[in-house]
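All remarks here apply to the structure that follows.
The values are calculated or read from the model by the stated rules, or taken from the named source; none is laboratory data. Predicted, not measured: the structure shown is a model, and the values here were computed from it. Please note: Cβ atoms are built from the backbone with ideal geometry, for glycine as well, and neighbour counts cover all protein chains shown.
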(Lines give C-alpha, C1' and ligand atoms only; values in the text may rest on other atoms or scores of the structure.)
Protein backbone atom coordinates (compact mmCIF):
# COMPACT_ATOMS: atom_id res chain seq x y z
CA UNK A 1 0.00 0.00 0.00
CA UNK A 2 1.39 3.40 -0.99
CA UNK A 3 2.16 5.76 1.84
CA UNK A 4 0.06 8.95 1.95
CA UNK A 5 1.73 12.06 0.70
CA UNK A 6 2.99 14.36 3.40
CA UNK A 7 1.67 17.87 3.60
CA UNK A 8 -1.53 17.09 1.71
CA UNK A 9 -4.42 19.35 2.70
CA UNK A 10 -7.38 17.41 4.14
CA UNK A 11 -10.58 17.65 2.20
CA UNK A 12 -13.91 18.68 3.66
CA UNK A 13 -15.44 21.81 5.08
CA UNK A 14 -12.14 23.39 6.06
CA UNK A 15 -10.95 23.12 2.43
CA UNK A 16 -14.28 24.32 0.98
CA UNK A 17 -15.49 27.23 3.12
CA UNK A 18 -17.61 28.50 0.23
CA UNK A 19 -20.12 25.68 0.73
CA UNK A 20 -20.86 26.63 4.33
CA UNK A 21 -21.14 30.31 3.43
CA UNK A 22 -23.51 29.43 0.58
CA UNK A 23 -25.74 27.45 2.99
CA UNK A 24 -26.10 30.28 5.48
CA UNK A 25 -26.59 32.82 2.70
CA UNK A 26 -29.41 30.72 1.22
CA UNK A 27 -30.98 30.40 4.69
CA UNK A 28 -30.86 34.16 5.22
CA UNK A 29 -32.40 34.86 1.81
CA UNK A 30 -35.13 32.24 2.33
CA UNK A 31 -36.06 33.54 5.78
CA UNK A 32 -36.11 37.15 4.57
CA UNK A 33 -38.21 36.23 1.53
CA UNK A 34 -40.61 34.25 3.73
CA UNK A 35 -40.93 37.23 6.03
CA UNK A 36 -41.98 39.52 3.16
CA UNK A 37 -44.17 36.93 1.41
CA UNK A 38 -46.17 36.36 4.60
CA UNK A 39 -46.18 40.10 5.29
CA UNK A 40 -44.75 39.45 8.75
CA UNK A 41 -42.01 42.07 8.59
CA UNK A 42 -42.00 42.76 12.31
CA UNK A 43 -42.25 40.43 15.33
CA UNK A 44 -45.52 40.23 17.23
CA UNK A 45 -45.32 42.20 20.44
CA UNK A 46 -46.50 41.05 23.85
CA UNK A 47 -49.10 42.80 25.94
CA UNK A 48 -46.46 44.85 27.79
CA UNK A 49 -45.15 46.30 24.51
CA UNK A 50 -48.18 46.44 22.24
CA UNK A 51 -51.02 46.54 24.74
CA UNK A 52 -54.00 44.17 24.77
CA UNK A 53 -56.95 43.07 26.84
CA UNK A 54 -56.97 42.22 30.53
CA UNK A 55 -59.93 40.14 31.78
CA UNK A 56 -60.69 39.68 35.48
CA UNK A 57 -62.76 36.60 36.34
CA UNK A 58 -64.39 36.12 39.74
CA UNK A 59 -65.21 32.68 41.12
CA UNK A 60 -68.84 32.26 42.23
CA UNK A 61 -70.04 30.16 45.13
CA UNK A 62 -72.53 27.49 44.09
CA UNK A 63 -75.37 26.18 46.26
CA UNK A 64 -74.27 23.16 48.27
CA UNK A 65 -70.56 23.77 47.61
CA UNK A 66 -69.45 26.31 50.25
CA UNK A 67 -65.82 25.17 50.19
CA UNK A 68 -65.41 24.87 46.40
CA UNK A 69 -63.42 28.11 46.13
CA UNK A 70 -60.04 26.91 47.34
CA UNK A 71 -56.43 27.02 46.18
CA UNK A 72 -56.55 23.62 44.46
CA UNK A 73 -59.64 24.41 42.38
CA UNK A 74 -58.36 27.89 41.52
CA UNK A 75 -55.02 26.50 40.29
CA UNK A 76 -56.86 23.85 38.28
CA UNK A 77 -59.02 26.54 36.70
CA UNK A 78 -55.92 28.59 35.82
CA UNK A 79 -54.39 25.61 34.03
CA UNK A 80 -57.56 24.89 32.07
CA UNK A 81 -58.09 28.52 31.05
CA UNK A 82 -54.43 28.82 30.02
CA UNK A 83 -54.67 25.70 27.84
CA UNK A 84 -57.95 26.95 26.40
CA UNK A 85 -56.42 30.30 25.39
CA UNK A 86 -53.26 28.65 24.05
CA UNK A 87 -55.49 26.27 22.10
CA UNK A 88 -56.48 29.31 20.02
CA UNK A 89 -52.84 29.87 19.06
CA UNK A 90 -52.44 32.75 21.50
CA UNK A 91 -48.92 32.93 22.89
CA UNK A 92 -47.59 35.01 25.77
CA UNK A 93 -51.06 35.08 27.34
CA UNK A 94 -50.84 35.43 31.11
CA UNK A 95 -53.27 33.57 33.36
CA UNK A 96 -52.76 33.88 37.10
CA UNK A 97 -54.70 34.02 40.32
CA UNK A 98 -55.20 37.24 42.26
CA UNK A 99 -56.34 36.98 45.83
CA UNK A 100 -58.63 34.16 46.89
CA UNK A 101 -61.30 34.17 44.18
CA UNK A 102 -60.04 36.13 41.14
CA UNK A 103 -58.19 35.08 37.98
CA UNK A 104 -56.48 37.63 35.72
CA UNK A 105 -56.17 36.83 32.00
CA UNK A 106 -53.96 39.11 29.88
CA UNK A 107 -54.31 38.65 26.11
CA UNK A 108 -51.81 40.47 23.84
CA UNK A 109 -52.99 42.77 21.10
CA UNK A 110 -52.82 41.31 17.61
CA UNK A 111 -54.54 38.04 18.47
CA UNK A 112 -58.23 37.38 17.87
CA UNK A 113 -59.20 39.12 21.11
CA UNK A 114 -62.95 38.71 20.61
CA UNK A 115 -62.62 34.98 20.06
CA UNK A 116 -60.22 34.59 22.99
CA UNK A 117 -62.52 36.59 25.26
CA UNK A 118 -65.48 34.40 24.33
CA UNK A 119 -63.49 31.27 25.13
CA UNK A 120 -62.14 32.68 28.40
CA UNK A 121 -65.56 33.98 29.45
CA UNK A 122 -67.32 30.65 28.91
CA UNK A 123 -66.07 29.17 32.15
CA UNK A 124 -69.14 27.34 33.42
CA UNK A 125 -69.37 23.57 33.31
CA UNK A 126 -69.96 21.75 30.06
CA UNK A 127 -73.03 19.52 29.69
CA UNK A 128 -74.54 17.15 27.13
CA UNK A 129 -78.34 17.42 27.25
CA UNK A 130 -80.97 15.66 25.09
CA UNK A 131 -82.98 17.95 22.80
CA UNK A 132 -86.74 17.96 23.46
CA UNK A 133 -87.82 20.80 21.15
CA UNK A 134 -86.39 23.50 18.91
CA UNK A 135 -87.59 26.76 17.36
CA UNK A 136 -86.01 29.75 15.69
CA UNK A 137 -84.95 32.55 17.99
CA UNK A 138 -85.89 34.91 15.19
CA UNK A 139 -88.85 33.69 13.08
CA UNK A 140 -87.28 34.82 9.80
CA UNK A 141 -84.02 32.90 10.35
CA UNK A 142 -83.24 30.31 7.64
CA UNK A 143 -83.10 26.61 8.46
CA UNK A 144 -79.85 24.65 8.45
CA UNK A 145 -79.11 20.93 8.59
CA UNK A 146 -77.77 19.28 11.71
CA UNK A 147 -74.37 17.69 12.33
CA UNK A 148 -74.21 14.06 13.29
CA UNK A 149 -72.37 12.20 16.00
CA UNK A 150 -71.02 8.73 15.33
CA UNK A 151 -68.33 6.28 16.21
CA UNK A 152 -65.27 6.02 14.01
CA UNK A 153 -66.09 4.22 10.79
CA UNK A 154 -69.88 4.57 11.22
CA UNK A 155 -72.03 6.35 8.58
CA UNK A 156 -72.31 10.07 9.15
CA UNK A 157 -75.15 12.39 8.14
CA UNK A 158 -74.50 15.59 6.26
CA UNK A 159 -74.98 18.76 8.24
CA UNK A 160 -73.52 21.83 9.84
CA UNK A 161 -71.15 22.07 12.77
CA UNK A 162 -73.39 24.79 14.22
CA UNK A 163 -76.62 24.28 16.17
CA UNK A 164 -79.34 23.57 13.65
CA UNK A 165 -83.10 23.64 13.20
CA UNK A 166 -84.56 20.55 11.62
CA UNK A 167 -88.16 20.96 10.60
CA UNK A 168 -90.35 18.73 12.71
CA UNK A 169 -94.02 18.51 13.68
CA UNK A 170 -92.86 18.35 17.29
CA UNK A 171 -92.36 22.08 17.15
CA UNK A 172 -96.08 22.58 17.62
CA UNK A 173 -97.41 23.40 21.07
CA UNK A 174 -99.40 20.15 21.35
CA UNK A 175 -96.47 17.96 20.34
CA UNK A 176 -94.11 19.87 22.63
CA UNK A 177 -96.42 19.44 25.57
CA UNK A 178 -96.63 15.69 25.00
CA UNK A 179 -92.85 15.34 24.67
CA UNK A 180 -92.22 17.43 27.77
CA UNK A 181 -94.72 15.49 29.80
CA UNK A 182 -93.10 12.20 28.82
CA UNK A 183 -89.62 13.52 29.66
CA UNK A 184 -90.66 14.94 33.03
CA UNK A 185 -92.40 11.75 34.07
CA UNK A 186 -89.09 9.86 34.24
CA UNK A 187 -86.25 12.35 34.62
CA UNK A 188 -83.89 9.64 35.83
CA UNK A 189 -83.91 8.02 32.40
CA UNK A 190 -81.41 10.50 30.99
CA UNK A 191 -80.18 12.47 33.94
CA UNK A 192 -76.77 11.69 35.40
CA UNK A 193 -75.82 12.22 39.04
CA UNK A 194 -74.52 15.63 39.96
CA UNK A 195 -70.70 15.77 40.27
CA UNK A 196 -71.08 16.83 43.89
CA UNK A 197 -73.31 13.94 44.95
CA UNK A 198 -72.04 11.84 47.85
CA UNK A 199 -71.47 8.10 47.69
CA UNK A 200 -74.63 7.44 49.70
CA UNK A 201 -76.62 9.60 47.31
CA UNK A 202 -75.18 7.65 44.36
CA UNK A 203 -76.31 4.44 46.00
CA UNK A 204 -79.79 5.86 46.44
CA UNK A 205 -79.90 6.95 42.79
CA UNK A 206 -79.68 3.30 41.71
CA UNK A 207 -83.26 2.79 42.91
CA UNK A 208 -86.03 3.86 40.49
CA UNK A 209 -86.93 7.52 40.97
CA UNK A 210 -90.55 8.13 41.95
CA UNK A 211 -92.54 9.66 39.11
CA UNK A 212 -94.19 13.03 39.75
CA UNK A 213 -97.97 13.16 39.92
CA UNK A 214 -99.77 13.73 36.60
CA UNK A 215 -100.88 17.17 37.66
CA UNK A 216 -97.31 18.10 38.68
CA UNK A 217 -95.90 16.84 35.37
CA UNK A 218 -98.43 18.79 33.34
CA UNK A 219 -97.81 21.94 35.38
CA UNK A 220 -94.01 21.66 35.00
CA UNK A 221 -94.36 20.98 31.29
CA UNK A 222 -96.71 23.90 30.82
CA UNK A 223 -94.35 26.22 32.73
CA UNK A 224 -91.34 25.12 30.67
CA UNK A 225 -93.29 25.48 27.45
CA UNK A 226 -94.38 28.98 28.43
CA UNK A 227 -90.76 29.98 29.10
CA UNK A 228 -89.78 28.53 25.74
CA UNK A 229 -92.52 30.40 23.90
CA UNK A 230 -91.66 33.70 25.62
CA UNK A 231 -87.88 33.36 25.13
CA UNK A 232 -86.41 35.73 22.56
CA UNK A 233 -82.82 34.67 21.87
CA UNK A 234 -82.21 37.72 19.70
CA UNK A 235 -82.44 39.77 22.90
CA UNK A 236 -79.05 39.80 24.65
CA UNK A 237 -80.49 40.13 28.14
CA UNK A 238 -82.88 37.19 27.69
CA UNK A 239 -80.17 35.16 26.02
CA UNK A 240 -77.79 35.71 28.93
CA UNK A 241 -80.45 34.70 31.49
CA UNK A 242 -81.64 31.57 29.66
CA UNK A 243 -80.74 28.37 31.45
CA UNK A 244 -78.87 30.07 34.28
CA UNK A 245 -79.17 28.60 37.77
CA UNK A 246 -80.75 25.35 36.53
CA UNK A 247 -79.74 22.12 38.25
CA UNK A 248 -78.22 19.36 36.08
CA UNK A 249 -81.14 17.03 36.81
CA UNK A 250 -83.77 19.57 35.64
CA UNK A 251 -84.98 20.35 32.11
CA UNK A 252 -84.27 23.87 30.84
CA UNK A 253 -84.41 26.27 27.92
CA UNK A 254 -81.29 27.54 26.13
CA UNK A 255 -80.15 29.70 23.24
CA UNK A 256 -77.49 29.09 20.63
CA UNK A 257 -76.11 30.45 17.40
CA UNK A 258 -77.11 28.79 14.12
CA UNK A 259 -74.93 30.28 11.43
CA UNK A 260 -75.70 33.98 11.66
CA UNK A 261 -79.05 33.51 13.41
CA UNK A 262 -80.11 32.54 16.91
CA UNK A 263 -82.19 29.50 17.82
CA UNK A 264 -83.75 28.26 21.07
CA UNK A 265 -84.09 24.82 22.60
CA UNK A 266 -85.93 22.91 25.29
CA UNK A 267 -83.36 20.54 26.77
CA UNK A 268 -83.76 17.55 29.04
CA UNK A 269 -81.73 16.68 32.14
CA UNK A 270 -77.96 16.33 31.79
CA UNK A 271 -76.92 13.00 30.32
CA UNK A 272 -73.13 13.49 30.32
CA UNK A 273 -71.01 16.11 32.08
CA UNK A 274 -68.02 17.89 30.59
CA UNK A 275 -65.83 16.26 33.23
CA UNK A 276 -66.54 12.95 31.49
CA UNK A 277 -64.73 14.12 28.33
CA UNK A 278 -61.12 12.92 28.43
CA UNK A 279 -59.97 14.55 25.19
CA UNK A 280 -61.39 16.23 22.10
CA UNK A 281 -59.89 17.89 19.05
CA UNK A 282 -60.73 19.12 15.59
CA UNK A 283 -59.04 17.26 12.75
CA UNK A 284 -59.44 16.25 9.11
CA UNK A 285 -61.07 12.93 8.33
CA UNK A 286 -58.50 11.23 6.06
CA UNK A 287 -61.24 9.30 4.23
CA UNK A 288 -63.51 12.22 3.35
CA UNK A 289 -61.13 15.16 3.65
CA UNK A 290 -63.72 16.95 5.82
CA UNK A 291 -63.14 18.56 9.22
CA UNK A 292 -64.57 16.62 12.17
CA UNK A 293 -64.43 16.77 15.96
CA UNK A 294 -63.31 13.60 17.73
CA UNK A 295 -64.17 12.91 21.36
CA UNK A 296 -62.73 10.45 23.86
CA UNK A 297 -64.61 9.82 27.11
CA UNK A 298 -63.53 8.53 30.48
CA UNK A 299 -64.67 5.05 31.51
CA UNK A 300 -67.69 6.40 33.38
CA UNK A 301 -68.37 8.95 30.65
CA UNK A 302 -68.32 6.21 27.99
CA UNK A 303 -71.07 4.31 29.82
CA UNK A 304 -73.20 7.44 30.22
CA UNK A 305 -72.70 8.46 26.58
CA UNK A 306 -73.57 4.97 25.31
CA UNK A 307 -76.78 5.01 27.38
CA UNK A 308 -78.02 8.43 26.26
CA UNK A 309 -77.13 7.91 22.57
CA UNK A 310 -78.85 4.53 22.64
CA UNK A 311 -82.04 6.19 23.86
CA UNK A 312 -81.82 9.09 21.39
CA UNK A 313 -81.21 6.82 18.41
CA UNK A 314 -84.75 5.38 18.74
CA UNK A 315 -86.40 8.79 18.43
CA UNK A 316 -87.28 11.19 15.61
CA UNK A 317 -85.99 14.69 14.92
CA UNK A 318 -85.30 16.72 16.93
CA UNK A 319 -85.52 14.31 19.88
CA UNK A 320 -82.65 12.22 18.43
CA UNK A 321 -80.23 15.11 19.01
CA UNK A 322 -78.12 15.98 22.02
CA UNK A 323 -77.08 19.57 22.72
CA UNK A 324 -73.56 20.44 23.83
CA UNK A 325 -74.17 23.26 26.30
CA UNK A 326 -71.41 25.54 27.58
CA UNK A 327 -72.24 28.28 30.06
CA UNK A 328 -75.93 27.84 29.32
CA UNK A 329 -75.44 28.29 25.55
CA UNK A 330 -75.83 25.56 22.94
CA UNK A 331 -72.61 25.32 20.90
CA UNK A 332 -73.65 22.29 18.82
CA UNK A 333 -76.56 19.84 18.55
CA UNK A 334 -75.55 16.76 16.55
CA UNK A 335 -78.06 14.04 15.76
CA UNK A 336 -77.61 10.37 16.67
CA UNK A 337 -78.51 7.38 14.50
CA UNK A 338 -77.14 4.59 16.71
CA UNK A 339 -75.82 3.90 20.21
CA UNK A 340 -72.22 5.09 20.45
CA UNK A 341 -70.22 2.66 22.54
CA UNK A 342 -66.51 2.20 23.14
CA UNK A 343 -65.79 5.62 24.62
CA UNK A 344 -64.90 7.27 21.29
CA UNK A 345 -67.13 9.33 19.03
CA UNK A 346 -66.90 11.99 16.39
CA UNK A 347 -69.08 14.88 15.28
CA UNK A 348 -69.14 15.52 11.54
CA UNK A 349 -70.91 17.69 9.02
CA UNK A 350 -70.06 21.07 7.52
CA UNK A 351 -67.26 22.10 9.88
CA UNK A 352 -64.68 24.63 8.85
CA UNK A 353 -61.19 24.33 10.29
CA UNK A 354 -61.86 27.15 12.74
CA UNK A 355 -65.25 25.85 13.92
CA UNK A 356 -63.86 22.32 14.37
CA UNK A 357 -60.88 23.59 16.35
CA UNK A 358 -63.09 25.84 18.49
CA UNK A 359 -65.54 23.07 19.36
CA UNK A 360 -62.71 20.63 20.13
CA UNK A 361 -61.14 23.29 22.32
CA UNK A 362 -64.37 23.84 24.24
CA UNK A 363 -64.90 20.12 24.74
CA UNK A 364 -61.33 19.61 25.95
CA UNK A 365 -61.09 22.55 28.30
CA UNK A 366 -64.70 23.52 28.93
CA UNK A 367 -65.25 21.77 32.23
CA UNK A 368 -63.96 23.85 35.12
CA UNK A 369 -64.19 22.96 38.81
CA UNK A 370 -65.72 26.40 39.51
CA UNK A 371 -68.15 28.81 37.92
CA UNK A 372 -66.75 32.24 36.96
CA UNK A 373 -68.16 35.54 35.86
CA UNK A 374 -66.43 38.45 34.13
CA UNK A 375 -65.68 40.99 36.83
CA UNK A 376 -63.99 43.52 34.55
CA UNK A 377 -62.47 43.86 31.08
CA UNK A 378 -59.88 46.59 30.53
CA UNK A 379 -57.64 47.67 27.69
CA UNK A 380 -53.92 47.70 28.50
CA UNK A 381 -51.82 50.45 26.90
CA UNK A 382 -48.24 49.93 25.85
CA UNK A 383 -47.02 53.32 27.10
CA UNK A 384 -45.18 52.02 30.17
CA UNK A 385 -43.78 49.00 28.35
CA UNK A 386 -42.70 51.23 25.46
CA UNK A 387 -40.70 53.45 27.82
CA UNK A 388 -39.07 50.43 29.43
CA UNK A 389 -38.29 48.98 26.00
CA UNK A 390 -36.71 52.25 24.92
CA UNK A 391 -34.54 52.31 28.04
CA UNK A 392 -33.59 48.66 27.54
CA UNK A 393 -32.66 49.19 23.90
CA UNK A 394 -30.52 52.19 24.81
CA UNK A 395 -28.73 50.14 27.45
CA UNK A 396 -28.28 47.30 24.96
CA UNK A 397 -26.94 49.66 22.32
CA UNK A 398 -24.43 51.13 24.79
CA UNK A 399 -23.30 47.64 25.79
CA UNK A 400 -22.98 46.57 22.14
CA UNK A 401 -20.98 49.71 21.34
CA UNK A 402 -18.58 49.00 24.21
CA UNK A 403 -18.15 45.42 22.96
CA UNK A 404 -17.36 46.69 19.45
CA UNK A 405 -14.87 49.23 20.79
CA UNK A 406 -13.14 46.53 22.83
CA UNK A 407 -12.97 44.22 19.81
CA UNK A 408 -11.48 46.97 17.64
CA UNK A 409 -8.87 47.92 20.23
CA UNK A 410 -7.85 44.40 21.21
CA UNK A 411 -8.45 42.32 18.05
CA UNK A 412 -8.14 45.04 15.39
CA UNK A 413 -8.72 43.35 12.00
CA UNK A 414 -10.33 40.32 13.60
CA UNK A 415 -13.00 42.65 14.96
CA UNK A 416 -14.36 42.97 11.41
CA UNK A 417 -15.08 39.21 11.33
CA UNK A 418 -16.73 39.36 14.76
CA UNK A 419 -18.93 42.34 13.85
CA UNK A 420 -20.08 40.79 10.57
CA UNK A 421 -20.83 37.53 12.42
CA UNK A 422 -22.92 39.44 14.97
CA UNK A 423 -24.79 41.10 12.09
CA UNK A 424 -25.55 37.70 10.50
CA UNK A 425 -26.79 36.40 13.87
CA UNK A 426 -29.00 39.48 14.29
CA UNK A 427 -30.56 39.00 10.82
CA UNK A 428 -31.33 35.34 11.50
CA UNK A 429 -32.78 36.12 14.94
CA UNK A 430 -35.00 38.93 13.65
CA UNK A 431 -36.40 37.03 10.66
CA UNK A 432 -37.10 33.89 12.68
CA UNK A 433 -38.86 35.88 15.41
CA UNK A 434 -40.98 37.65 12.80
CA UNK A 435 -42.01 34.34 11.19
CA UNK A 436 -42.67 32.64 14.55
CA UNK A 437 -45.21 35.35 15.37
CA UNK A 438 -47.58 33.88 12.80
CA UNK A 439 -46.24 30.34 12.87
CA UNK A 440 -46.58 29.50 16.58
CA UNK A 441 -47.99 32.73 18.01
CA UNK A 442 -44.69 33.87 19.54
CA UNK A 443 -44.96 37.38 20.99
CA UNK A 444 -41.94 39.50 21.86
CA UNK A 445 -42.12 40.97 25.35
CA UNK A 446 -39.66 42.83 27.57
CA UNK A 447 -38.03 39.71 29.09
CA UNK A 448 -37.64 38.29 25.56
CA UNK A 449 -35.83 41.44 24.50
CA UNK A 450 -33.64 40.99 27.59
CA UNK A 451 -32.82 37.45 26.44
CA UNK A 452 -31.79 38.75 23.01
CA UNK A 453 -29.47 41.34 24.59
CA UNK A 454 -27.89 38.72 26.86
CA UNK A 455 -27.31 36.56 23.77
CA UNK A 456 -24.98 39.22 22.32
CA UNK A 457 -22.49 38.40 25.04
CA UNK A 458 -22.85 34.64 24.47
CA UNK A 459 -22.22 35.05 20.74
CA UNK A 460 -19.24 37.37 21.30
CA UNK A 461 -17.74 34.83 23.71
CA UNK A 462 -17.74 32.20 20.96
CA UNK A 463 -15.77 34.46 18.62
CA UNK A 464 -13.29 35.33 21.33
CA UNK A 465 -12.68 31.65 22.17
CA UNK A 466 -11.85 30.91 18.52
CA UNK A 467 -9.68 34.00 18.06
CA UNK A 468 -7.66 33.25 21.19
CA UNK A 469 -7.05 29.66 20.06
CA UNK A 470 -5.68 31.00 16.76
CA UNK A 471 -3.46 33.50 18.53
CA UNK A 472 -2.14 30.71 20.79
CA UNK A 473 -1.12 28.72 17.73
CA UNK A 474 0.67 31.74 16.30
CA UNK A 475 2.50 32.24 19.59
CA UNK A 476 3.77 28.67 19.18
CA UNK A 477 5.46 29.76 15.94
CA UNK A 478 2.94 28.54 13.36
CA UNK A 479 1.84 30.53 10.36
CA UNK A 480 -1.75 31.68 10.05
CA UNK A 481 -3.31 29.11 7.70
CA UNK A 482 -2.32 26.03 9.73
CA UNK A 483 -3.04 27.96 12.94
CA UNK A 484 -6.65 28.55 11.82
CA UNK A 485 -7.21 24.83 11.17
CA UNK A 486 -5.37 23.57 14.27
CA UNK A 487 -7.20 26.01 16.56
CA UNK A 488 -10.67 25.03 15.32
CA UNK A 489 -11.08 21.56 16.96
CA UNK A 490 -10.19 22.85 20.43
CA UNK A 491 -12.28 26.02 20.04
CA UNK A 492 -15.20 23.99 18.69
CA UNK A 493 -15.34 21.76 21.76
CA UNK A 494 -15.26 24.74 24.11
CA UNK A 495 -17.98 26.58 22.15
CA UNK A 496 -20.27 23.53 22.04
CA UNK A 497 -19.93 22.84 25.76
CA UNK A 498 -20.57 26.49 26.64
CA UNK A 499 -23.61 26.77 24.36
CA UNK A 500 -25.00 23.44 25.57
CA UNK A 501 -24.95 24.69 29.15
CA UNK A 502 -26.70 27.93 28.13
CA UNK A 503 -29.33 26.05 26.10
CA UNK A 504 -29.95 23.57 28.92
CA UNK A 505 -30.51 26.44 31.37
CA UNK A 506 -32.91 28.09 28.90
CA UNK A 507 -34.83 24.83 28.35
CA UNK A 508 -35.24 24.16 32.08
CA UNK A 509 -36.33 27.75 32.66
CA UNK A 510 -38.89 27.49 29.85
CA UNK A 511 -40.36 24.25 31.24
CA UNK A 512 -40.66 25.25 34.90
CA UNK A 513 -41.88 28.83 34.43
CA UNK A 514 -44.93 30.52 32.92
CA UNK A 515 -45.83 33.83 31.32
CA UNK A 516 -43.20 36.41 30.55
CA UNK A 517 -40.27 34.42 31.94
CA UNK A 518 -40.91 31.84 29.24
CA UNK A 519 -40.35 34.58 26.67
CA UNK A 520 -36.88 35.22 28.12
CA UNK A 521 -36.06 31.50 28.13
CA UNK A 522 -37.33 30.97 24.59
CA UNK A 523 -35.30 33.86 23.16
CA UNK A 524 -32.18 32.79 25.05
CA UNK A 525 -32.50 29.23 23.76
CA UNK A 526 -33.15 30.38 20.19
CA UNK A 527 -30.17 32.74 20.08
CA UNK A 528 -27.92 30.08 21.64
CA UNK A 529 -28.77 27.65 18.85
CA UNK A 530 -28.21 30.39 16.26
CA UNK A 531 -24.80 31.09 17.84
CA UNK A 532 -23.71 27.54 17.00
CA UNK A 533 -25.07 27.89 13.46
CA UNK A 534 -23.29 31.20 12.86
CA UNK A 535 -19.93 30.06 14.29
CA UNK A 536 -19.92 26.82 12.29
CA UNK A 537 -21.35 28.08 9.00
CA UNK A 538 -20.06 31.65 8.91
CA UNK A 539 -17.32 32.61 11.39
CA UNK A 540 -15.12 29.55 10.79
CA UNK A 541 -15.44 29.60 6.95
CA UNK A 542 -14.90 33.36 6.71
CA UNK A 543 -11.84 33.04 8.95
CA UNK A 544 -10.46 30.36 6.60
CA UNK A 545 -10.90 32.70 3.64
CA UNK A 546 -9.39 35.67 5.45
CA UNK A 547 -6.32 33.58 6.34
CA UNK A 548 -5.59 33.35 2.61
CA UNK A 549 -5.40 37.11 2.18
CA UNK A 550 -2.10 38.93 2.40
CA UNK A 551 -3.36 41.36 5.09
CA UNK A 552 -3.98 38.58 7.62
CA UNK A 553 -1.49 35.91 6.51
CA UNK A 554 1.45 38.34 6.57
CA UNK A 555 0.67 39.29 10.16
CA UNK A 556 -0.06 42.96 9.42
CA UNK A 557 0.16 45.06 12.62
CA UNK A 558 -3.54 45.99 12.25
CA UNK A 559 -4.70 42.43 11.54
CA UNK A 560 -4.71 41.44 15.20
CA UNK A 561 -2.44 38.53 14.34
CA UNK A 562 0.97 40.21 14.33
CA UNK A 563 3.48 37.57 15.57
CA UNK A 564 5.75 40.18 17.11
CA UNK A 565 2.93 41.80 19.03
CA UNK A 566 1.74 38.39 20.22
CA UNK A 567 5.24 37.41 21.36
CA UNK A 568 5.50 34.46 18.97
CA UNK A 569 8.38 31.99 19.23
CA UNK A 570 10.89 31.74 16.38
CA UNK A 571 9.80 29.44 13.53
CA UNK A 572 10.07 25.75 14.29
CA UNK A 573 13.44 24.30 13.19
CA UNK A 574 15.12 20.92 12.92
CA UNK A 575 18.75 19.88 12.39
CA UNK A 576 19.99 18.10 9.25
CA UNK A 577 23.14 16.03 9.63
CA UNK A 578 25.67 16.82 6.82
CA UNK A 579 28.23 14.22 6.04
CA UNK A 580 29.57 11.43 8.17
CA UNK A 581 32.82 10.90 9.85
CA UNK A 582 34.66 8.98 12.46
CA UNK A 583 35.20 11.96 14.66
CA UNK A 584 33.33 12.70 17.81
CA UNK A 585 31.24 15.49 16.28
CA UNK A 586 29.46 16.52 13.12
CA UNK A 587 28.62 19.70 11.31
CA UNK A 588 24.89 20.64 11.12
CA UNK A 589 22.97 23.34 9.29
CA UNK A 590 19.62 24.77 10.43
CA UNK A 591 16.71 24.10 8.10
CA UNK A 592 13.34 25.85 8.33
CA UNK A 593 10.31 23.65 8.66
CA UNK A 594 7.28 24.92 6.76
CA UNK A 595 3.86 24.19 8.16
CA UNK A 596 1.50 22.19 6.05
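The table that follows gives values for the structure above.
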item: Any hit, the range 406-425, residues being part of a helix (DSSP H, G or I), at pLDDT below 90 and in contact with a strand residue (DSSP E or B) (Cβ under 7 Å, 6 or more places away or on another chain); result: no
item: Pairs with Cβ under 6 Å, 6+ apart, first in the range 400-419 and crowded, with 18+ Cβ neighbours inside 10 Å, second not in a helix (DSSP H, G or I); result: 411/560; 413/558; 413/559; 413/560; 414/560
item: Some residue of the range 438-451 being on the phi < 0 side of the Ramachandran plot and without any contact (Cβ under 8 Å) to a residue 24 or more places away in the chain; result: yes
item: Subset of the range 539-557 that is assigned to a helix (DSSP H, G or I) and under 10 Å from residue 481 (Cβ atoms) - its residue that is farthest from the chain's Cα centre (by Cα); result: 553
item: Selection count, the range 430-445, where residues are in a helix (DSSP H, G or I) and surrounded by fewer than 22 Cβ atoms within 10 Å (Cβ to Cβ); result: 7
item: Selected residue (only one of 258, 239 is under 27 Å from residue 306 (Cα atoms), buried (at least 16 other Cβ atoms within 10 Å of the Cβ) and out of contact with any helix residue (DSSP H, G or I) (no Cβ under 7 Å at 6 or more places or on another chain)); result: 258
item: Any chance residue 300 is over 29 Å from the mean Cα position of the chain (by Cα), under 30 Å from residue 373 (Cα atoms) and either in contact (Cβ under 8 Å) with a residue 60 or more places away in the chain or not in a loop (DSSP other than H, G, I, E, B) (or both); result: yes
item: Failed condition for residue 373, given (1) on the phi < 0 side of the Ramachandran plot; (2) assigned by TED's automatic domain parsing to the domain that holds residue 260; (3) surrounded by fewer than 22 Cβ atoms within 10 Å (Cβ to Cβ); result: (2)
item: Filter result for the condition that a residue is over 20 Å from residue 312 (Cβ atoms), assigned to a strand (DSSP E or B), in the same structural domain as residue 341 (by TED's automatic domain parsing) and modelled with pLDDT of 80 or more, over 232, 279; result: 279
